[in-house]
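The values are calculated or read from the model by the stated rules, or taken from the named source; none is laboratory data. What you see is a predicted model; the values in this text were computed from it and never measured. Cβ coordinates were reconstructed from backbone atoms using ideal geometry, including for glycine residues, and neighbour counts include every protein chain displayed. When the accessible area is computed, the model is the full protein with side chains, heavy atoms only, and any ligands, DNA or RNA have been set aside. Shrake-Rupley method; radii C 1.70, N 1.55, O 1.52, S 1.80 Å.
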Amino acid sequence: MVLASPRPDFNEEQAVGLADASFGVLADSSRNLGSERDQTFLLLAPDAVPVAVMKVSNAAEDPAILDMEALAVLHIGRVDPELPVAVPRAAPDSSAPQDPTTRRVAVEGDGGTHWVRIYDVLPGGARTEASELSDEAIIAWGETSARLTRALRGFFHPSMQRTMPWDVQHALTCRPMLADVRDPELRGIVADVLDRFEEVVIPVWPSLRAQAVHGDLTLDNVLLDERGFISGIIDFGDMSHSALAADLAPVLDSLAVGRQGVELYRAARLLLDGYQRVTPLEPVELDLLGDLWAARCAVTVAISSWRSARGLEDADFAERYNPVSLATLETFLATGWQALPAELGGAGMRVPDADLVVRRSQVMGPALEALSYEAPIQMVSARGVWMTDVDDVTYLDAYNNVPCVGHTHPRVVEAIARQARVLNTNMRYLHTSVVELAERLVAECGGDLDTVMFVNSGSEANDLAWRMAVAFTGNTGGLCTDFAYHGISEPIAALSPECWGPEGKPTHVETWMPQDHYRGEHLGTEDFAAALENLSLRGLAPAATILDGVVTSDGFRDLDPTHVQALVRMTREAGGLWIADEVQGGHGRTGDAMWSYQRTGIQPDFVTLGKPMGNGHPVAAVITRREIAEQFARGTVFFSTFGGNPVSVAAAHAVLDVLADEHVLPRTQAAGDALRHAVRHLKETFPVIGDVRGMGLANGIELVTDPTSKEPHPRLASAVKEGMRQRQVLVGTCGRHGNVLKVRPPLAFTVEEVPQFVDALCGSLSDSIDA
């Protein structure tokens with residue numbers, strides 16, 4: 001083992017002769033630069049001018065390792081020529097410079113055969129204090145480290161597959177060395193770190209990204225310019241095939257010198273920022289990074305103590321980093337292993353926080369809508385139609401429509417991340433993707449809807465549509481359904497009766513009751529005509545009527561197409577425009593059309609889209625006619641600072657792509673049909689199920705006291721919602737009386753999830769009725 005073999009013992013005068021004899025390098029003198037297991041000399045011309053660097057290998061070193069190093073730096077030079085790596089010179093008589101054996105020459109010494117390599121002198125200084133590096137230099141270190149790893153990822157050599165204690169994947173080989181750690185407290189800490197490494201890291205190791213890595217990009221192995229930036233990478237002696245994340249451990253460890261506590265973590269995060277500008281780390285890598293760093297500290301203590309005990313190095317020199325390693329490990333222990341990943345940008349293991357509800361109330365105030373359940377859920381992750389809480393309980397999500405094509409859909413996530421790494425700016429600059437998205441939306445709507453304006457949310461979209469309607473018509477009246485919700489801005493909150501306070505209906509707004517086929521009520525247009533008449537009696541004409549095409553907040557009402565067509569006609573005859581609010585019903589939710597208004601055969605004046613458009617990313621839009629936009633432009637210039645930004649637009653493109661590629665609409669239609677069919681079969685067993693209605697994956701299950709009176713049963717609906725949550729299925733409630741179960745899952749919901757939904761509903765109904 002090289003670490004157990006004494007270093008070469010050539011003196012500085014001998015070094016001058018070796019350089020001449022092996023590579024014909026003429027030097028006047030040399031200076032021993034020191035090394036752990038080799039010898040390194042700076043060769044000097046008269047007046048101490050550097051002419052070259054010479055390395056003399058340990059006699060125990062396998063020459064294949066040296067060849068691997070030579071091939072690696074040549075590979076790096078081809079992949080990233082700007083990386084300042086030290087390349088060994090080819091021997092003067094070499095005719096095959098790509099042959100690594102020509103870049104080393106054998107010499108004999110007291111310990112046996114050594115290999116001499118000669119390097120050009122790279123610019124920069126050969127030491128500095130890590131604590132003196134600027135933030136900019138730390139970030140640059142991270143970037144250079146990532147570039148080096150990226151340049152090596154296509155390289156392989158059989159000699160990389162070796163067991164080296166300095167490589168943290170082999171940290172457990174250091175256990176026998178612990179007996180040489182003189183300080184019992186430090187010995188115990190290191191032993192605990194190695195135990196944790198075996199328990200936490202080893203099981204996950206095979207799943208980590210692995211490749212050729214430098215293995216030791218520390219202050220001892222680089223040259224720095226006057227700014228502290230790396231100007232030369234001078235030692236590849238610790239190369240191996242290892243986990244990509246493990247290559248960061250020595251870098252972090254080296255820059256930790258002189259830093260503790262908050263400052264230690266701050267510097268680490270800056271370095272990781274630089275690294276991830278080039279190579280983003282995976283969640284599991286970020287979560288394990290603290291353990292890998294701790295293992296590097298443990299390895300440092302173990303190896304240095306072992307070498308010191310055997311007289312391979314002067315004790316003070318060998319153990320010079322042990323106090324730093326101890327300080328770092330003490331910082332980790334003070335933080336706690338569970339909290340450590342978060343300090344380094346990871347998520348780590350989330351634990352229940354009993355005070356979180358109180359803290360939420362204290363900082364977010366009383367106006368915020370209450371949490372969904374009596375025992376609130378602290379969610380930590382989600383995928384598709386499944387959400388997982390802090391206790392590792394997984395729920396079927398039959399409620400959340402915003403992650404339209406499924407929670408954390410990989411197409412959308414990657415589109416966001418990919419674009420965020422390149423450019424995110426506003427629409428005062430040209431970028432192709434926003435124009436292409438507008439063209440796609442226009443094509444999806446058809447007709448004379450030819451103009452798209454981008455904002456950040458459904459509320460903003462509806463707000464903008466309302467402003468444009470007022471500007472185009474000159475009218476100020478508004479109409480909406482009896483219990484609608486369309487947004488939170490002041491103009492749109494006025495058109496959202498679900499959120500009206502004690503003051504009730506605004507004076508410029510009228511509502512109408514949507515069709516109720518279950519009770520045979522409001523089937524004609526009389527309610528709507530009365531609303532128009534009431535506006536007229538106050539001297540108001542409608543600027544717009546706004547309708548959510550699946551009538552979510554009113555309890556998912558089924559609207560006849562001819563009925564909606566009549567309402568549109570009456571609105572226009574009264575001088576108003578029609579806003580089709582597609583925030584909840586759009587993007588294929590009905591299964592038979594991209595937009596819910598298309599089911600009714602109407603042509604609206606506005607189509608408004610919200611965050612489902614970007615699977616939850618803040619992107620929304622108004623689609624309208626050019627003449628309406630032109631009238632609006634005569635009175636104002638519209639601009640949304642980051643509406644239509646490239647990252648949000650990338651998410652919106654990805655959602656449209658997924659809808660097409662996964663055939664989401666027919667899948668949604670099939671899932672909705674299966675769901676309604678299965679629930680309707682329960683009505684005989686549970687007469688409290690008054691009506692099951694909807695389209696695609698926009699569905700309401702209305703609960704009543706009995707099928708004869710059809711009296712709404714909000715208490716039962718609330719109890720069933722809680723019961724389904726206990727059975728790990730999430731639903732909501734809606735309707736003016738809160739007696740309709742809101743079943744509006746991500747469109748990743750399929751027929752396969754229907755049985756779990758129905759079982760949870762059955763169990764909850766049974767328990768709630770019995771109670």
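Summary of computed values
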{"read-out": "Single condition P88 does not satisfy, out of (1) in contact (Cβ under 8 Å) with a residue 40 or more places away in the chain; (2) open to solvent by less than 20 Å² (accessible area, probe 1.4 Å)", "value": "(1)"}
{"read-out": "Single unsatisfied condition, L567 versus (1) in a helix (DSSP H, G or I); (2) open to solvent by 10 Å² or more (accessible area, probe 1.4 Å); (3) not hydroxyl-bearing (S, T, Y)", "value": "(2)"}
{"read-out": "Count of segment 702-739 residues which are under 35 Å from the mean Cα position of the chain (by Cα) and not in a loop (DSSP other than H, G, I, E, B)", "value": "13"}
{"read-out": "L765 in contact (Cβ under 8 Å) with a residue 60 or more places away in the chain, open to solvent by less than 10 Å² (accessible area, probe 1.4 Å), farther than 21 Å from P497 by Cα and under 35 Å from the mean Cα position of the chain (by Cα)", "value": "no"}
{"read-out": "Where A48 falls short, out of the listed (1) free of Cβ contacts under 8 Å to residues at least 40 places away in the same chain; (2) farther than 23 Å from N32 by Cβ; (3) open to solvent by 30 Å² or more (accessible area, probe 1.4 Å)", "value": "(2)"}
{"read-out": "Filtered residues of segment 1-52 (kept if acidic (D, E) and in a helix (DSSP H, G or I))", "value": "E12, E13, D20, D47"}
{"read-out": "Lone qualifier among V190, V200 - being touching a residue at least 12 places away in the same chain (Cβ under 8 Å), in a helix (DSSP H, G or I), farther than 26 Å from N221 by Cα and of a type outside the set (D, E, K, R)", "value": "V200"}
{"read-out": "Members of segment 631-666 found to be closer than 21 Å to P403 by Cβ, open to solvent by 10 Å² or more (accessible area, probe 1.4 Å) and modelled with pLDDT under 95, listed by number", "value": "F642"}
{"read-out": "In segment 123-144, residue farthest from the chain's Cα centre (by Cα) [restricted to those that are of a type in the set (S, T, Y) and open to solvent by 30 Å² or more (accessible area, probe 1.4 Å)]", "value": "T128"}
{"read-out": "Filter result for the condition that a residue is modelled with pLDDT under 90, among the acidic types (D, E) and open to solvent by 70 Å² or more (accessible area, probe 1.4 Å), over E414, E369, E436", "value": "E369"}
{"read-out": "Breaking point among (1) touching a helix residue (DSSP H, G or I) at 6+ places or on another chain (Cβ under 6 Å); (2) without any contact (Cβ under 8 Å) to a residue 40 or more places away in the chain, for D706", "value": "(1)"}
{"read-out": "Residues of segment 65-103 satisfying the condition of being under 33 Å from the mean Cα position of the chain (by Cα) and in a loop (DSSP other than H, G, I, E, B)", "value": "D80, P81, E82, L83, P84"}
{"read-out": "Some residue of segment 308-329 being surrounded by fewer than 23 Cβ atoms within 10 Å (Cβ to Cβ), in contact (Cβ under 8 Å) with a residue 24 or more places away in the chain and farther than 23 Å from M164 by Cα", "value": "yes"}
{"read-out": "Any hit, segment 605-616, residues being out of contact with any Phe, Trp or Tyr (no Cβ under 8 Å at 6 or more places or on another chain), open to solvent by 10 Å² or more (accessible area, probe 1.4 Å), within 17 Å of E439 (Cα to Cα) and touching a residue at least 60 places away in the same chain (Cβ under 8 Å)", "value": "no"}
{"read-out": "Subset of segment 1-45 (residues that are surrounded by 20 or more Cβ atoms within 10 Å (Cβ to Cβ) and among the aliphatic types (A, V, I, L, M))", "value": "A15, V16, L18, A19, A27, L42, L43"}
{"read-out": "Residues (closer than 18 Å to A249 by Cβ, touching a residue at least 60 places away in the same chain (Cβ under 8 Å) and in a helix (DSSP H, G or I)) located in segment 148-174", "value": "L148, T149, R150, L152, M160, V168, Q169, A171, C174"}
{"read-out": "Residues of segment 484-493 classified as in contact with a strand residue (DSSP E or B) (Cβ under 8 Å, 6 or more places away or on another chain), of a type in the set (A, V, I, L, M, F, W, C) and open to solvent by 10 Å² or more (accessible area, probe 1.4 Å), total", "value": "0"}
{"read-out": "Segment 384-402, subset out of contact with any helix residue (DSSP H, G or I) (no Cβ under 8 Å at 6 or more places or on another chain) and more than 16 Å from V729 (Cβ to Cβ), residue most open to solvent (accessible area, probe 1.4 Å)", "value": "D392"}
{"read-out": "Tabulated pairs, segment 10-37, first in contact (Cβ under 8 Å) with a residue 40 or more places away in the chain, second among the hydroxyl-bearing types (S, T, Y), C-beta under 6 angstrom, 6+ apart or interchain", "value": "A15/S30; L33/T40"}
{"read-out": "Close pairs from segment 550-561: first over 17 Å from L703 (Cα atoms), partner part of a helix (DSSP H, G or I) and at pLDDT 95 or above, Cβ under 7 Å, at least 6 apart", "value": "V550/S596; L559/T600; P561/R599; P561/T600"}
{"read-out": "Selection count, segment 145-202, where residues are open to solvent by less than 40 Å² (accessible area, probe 1.4 Å), small (G, A, S) and either under 29 Å from G77 (Cβ atoms) or touching a Cys at 6+ places or on another chain (Cβ under 8 Å) (or both)", "value": "4"}
{"read-out": "Test: R680 is out of contact with any helix residue (DSSP H, G or I) (no Cβ under 6 Å at 6 or more places or on another chain), under 22 Å from L371 (Cβ atoms), open to solvent by 60 Å² or more (accessible area, probe 1.4 Å) and modelled with pLDDT of 95 or more", "value": "no"}
{"read-out": "Residues satisfying the stated conditions in segment 496-537, i.e. in a loop (DSSP other than H, G, I, E, B), β-branched (V, I, T) and open to solvent by less than 50 Å² (accessible area, probe 1.4 Å)", "value": "T525"}
{"read-out": "Among residues of segment 438-476, those that are of a type outside the set (G, A, S), closer than 19 Å to S640 by Cβ and not in a helix (DSSP H, G or I), counted", "value": "6"}
{"read-out": "Residue within segment 528-543 that is touching a helix residue (DSSP H, G or I) at 6+ places or on another chain (Cβ under 8 Å) and within 30 Å of F642 (Cα to Cα) present", "value": "yes"}
{"read-out": "Pair list, Cβ under 8 Å, 6 or more apart: segment 656-671 residue closer than 14 Å to M695 by Cβ, other residue part of a helix (DSSP H, G or I)", "value": "L665/L659; A670/V751; A671/V751; A671/E753; A671/V754"}
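A quick yes/no check of all residues on (1) in a helix (DSSP H, G or I); (2) in contact with a strand residue (DSSP E or B) (Cβ under 8 Å, 6 or more places away or on another chain); (3) touching a residue at least 40 places away in the same chain (Cβ under 8 Å):
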site	(1), (2), (3)
R259	no, no, yes
Y265	yes, no, yes
L289	yes, no, yes
L292	yes, yes, yes
C297	yes, no, yes
